[in-house]
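Beneath this line is the structure, given in structure tokens, with notes to follow.
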Amino acid sequence: MTWSKLWMDLFGTTSFCGIDMGFWAAMSAVLLLVILMNVVFWGMRPKKNSGETLL
């Protein structure tokens, strides 16, 4: 059984706004990755340097 047939049986269409569902699945994966990277980046604490002076 192909993914397209399974998707068609469940939802009745294989496109959204004229674009194939594979595109939307890939965009969802990229969006999830970007959000995860931002959560990790903004959750990090700044590194403290002992020899650093403020100017």
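The values are calculated or read from the model by the stated rules, or taken from the named source; none is laboratory data. Computed from a predicted structure; not experimentally measured. Heads up: the accessible areas ignore ligands, DNA and RNA and are worked out on the full protein's heavy atoms, side chains in. Shrake-Rupley method; radii C 1.70, N 1.55, O 1.52, S 1.80 Å.
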**Item:** List T13, T2, ordered by accessible area with a 1.4 Å probe, largest first
**Value:** T2, T13
**Asked** So what is the 222 nm mean residue ellipticity for the chain from helices alone, if each DSSP H run of at least 4 adds -39500 (n - 2.57) and you divide by all residues, rounding to the nearest 500 deg cm²/dmol?
**Response** -19500 deg cm²/dmol
**Asked** Rounded to the nearest 10 Å², what accessible area does W7 show when all protein chains are kept and the probe is 1.4 Å?
**Response** 100 Å²
**Asked** Any idea what % of Cα-Cα pairs in the chain are farther than 18 Å?
**Response** 60 percent
**Probe 1.4 Å, protein heavy atoms only - accessible area per residue of the chain in square angstrom** = 102 Å²
**Asked** Roughly how tilted is helix 21-43, in degrees to the nearest 10 and between 0 and 90, from the longest Cα axis of the chain?
**Response** 20 degrees
